[in-house]
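Structure record follows, encoded as structure tokens.
The values are calculated or read from the model by the stated rules, or taken from the named source; none is laboratory data. Not measured: the values here are computed from a predicted model. Cβ: placed from backbone, ideal geometry, glycine included. Neighbour counts: every protein chain shown. Accessible surface is based on the protein model in full, side chains and every heavy atom, while ligands, DNA and RNA are left aside. Shrake-Rupley method; radii C 1.70, N 1.55, O 1.52, S 1.80 Å.
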Amino acid sequence: MRVLVTGGAGFIGSHFAKRLAAAGEDIVVFDKLTYSGNPANLEGADLEFVEGDICDLGAVAGAGAGCDAVVNFAAETHVDRSILGASEFVETDVLGAFTLVSWAKEAGIRLVQVSTDEVYGDVPAGESSREDDPLRPSSPYAASKAGGDLQILAAVRTYGANASITRGSNTYGPNQYPEKVIPLFVTNALDGEPLPLYGDGRQTRDWLHVDDHCAAIELVLREGGPGEIYNVGAGEELENRELTSRILELTGADESLVRHVEDRAGHDRRYSLDSSKLRELGWSPGHTLADGLPETVEWYRSNRAWWEPLKSGEYLDYYRRQYAERLTS
């Protein structure tokens, strides 16, 4: 099978592309190489790389010529950045998804749209989001992903597109750009820098290892039904303050590095997914936080050459915009 992996130089996309390439599939990675797209993530993999934008229909068609399927990881993904400026999120996450499903429908190939649990919004304690629950996104990022999902579902209903959607929970592992909480806190702890913990730190997230997330997406690619949505959650719920404590313990950093800072606007308190539909297809997570988080911390400890160059330039400009005032107030 020849598969176009859009956003395949990013965190989850690169793990997925390498996974399928290792299994003998013919992989074409298509990536715009924005700040979080990194060709180094693909080193050692036997695949083809094409630089381009998923909003450019001609470029997509050229890269995808001869492909049997497309899996879309290409997205603007960071909530904090979406609050600072949402237009790029709407363009990539909505228009990009529309462009891809339009091309896939015309080409007669299968598409899997990789989405997020954040489209469901806050989930009360004791409840979990199901695939047919209403979408109540809180952030510009989550709203843009919800908009892309709806374009996919409309194309299935109206035009008969062969497309499915996965909605994954918070994902962690090696090669994650250091703006997200686990690589941010791990690398800051290793460098003795502050860990900016939003609000009271009691926001709860379900943590999914990147390998398990990719296994789920592959299963949906091969066996998922057109128009179907599949939640991908590990059932590893943890408050951010407890996650921070585990990172301190694993890095050997002092708890004095933790700084409770002003919470971000519209911050959801809890996400939780009911993944029983996907589990009925045969998927289950192979990692727990008890083994996956120490392995992830060790990867960052041993791979400074990968992340240190990233925490400069554009990253520093963003970090100062997001945290400088919070850390001094």
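Structure summary
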{"quantity": "Residue list for region 28-62, restricted to those being β-branched (Val, Ile, Thr) and within 11 Å of Ser14 (Cβ to Cβ)", "calculated": "Val29"}
{"quantity": "Condition met for Leu84 (loosely packed, with under 15 Cβ neighbours inside 10 Å and within 17 Å of the chain's Cα centre (by Cα))", "calculated": "no"}
{"quantity": "Residue pairs meeting the criteria (Cβ under 7 Å; at least 6 apart or on separate chains; first touching a residue at least 12 places away in the same chain (Cβ under 8 Å), in region 155-168; second of a type in the set (D, E, K, R))", "calculated": "Ala155/Lys105; Tyr159/Lys105; Ala161/Lys105; Asn162/Arg110; Ser164/Glu228; Ile165/Asp149; Arg167/Asp117; Gly168/Asp117"}
{"quantity": "Selection within region 284-310 - over 22 Å from Leu248 (Cβ atoms) and in contact with an Asp or Glu (Cβ under 8 Å, 6 or more places away or on another chain)", "calculated": "Pro285, Gly286"}
{"quantity": "In region 129-145, the residues that are among the hydroxyl-bearing types (Ser, Thr, Tyr), open to solvent by less than 50 Å² (accessible area, probe 1.4 Å) and in a loop (DSSP other than H, G, I, E, B)", "calculated": "Ser139"}
{"quantity": "Subset of region 33-84 [among the aliphatic types (A, V, I, L, M), under 22 Å from Gln151 (Cβ atoms) and touching a helix residue (DSSP H, G or I) at 6+ places or on another chain (Cβ under 9 Å)]", "calculated": "Ile54, Leu57, Val60, Ala61, Ala69, Val70, Val71, Ala74, Ala75, Val79"}
{"quantity": "All strands (runs of 3 or more DSSP E) inside region 1-59 with 3 or more residues being at pLDDT 95 or above, surrounded by 18 or more Cβ atoms within 10 Å (Cβ to Cβ) and not hydroxyl-bearing (Ser, Thr, Tyr)", "calculated": "2-6, 26-31"}
{"quantity": "Matching residues in region 145-179 - criterion: being over 15 Å from Ser115 (Cα atoms) and β-branched (Val, Ile, Thr)", "calculated": "Val156, Thr158"}
{"quantity": "Helices (runs of 4 or more DSSP H) within region 181-261 that include 3 or more residues over 20 Å from His78 (Cβ atoms) and open to solvent by 30 Å² or more (accessible area, probe 1.4 Å)", "calculated": "210-223, 240-251"}
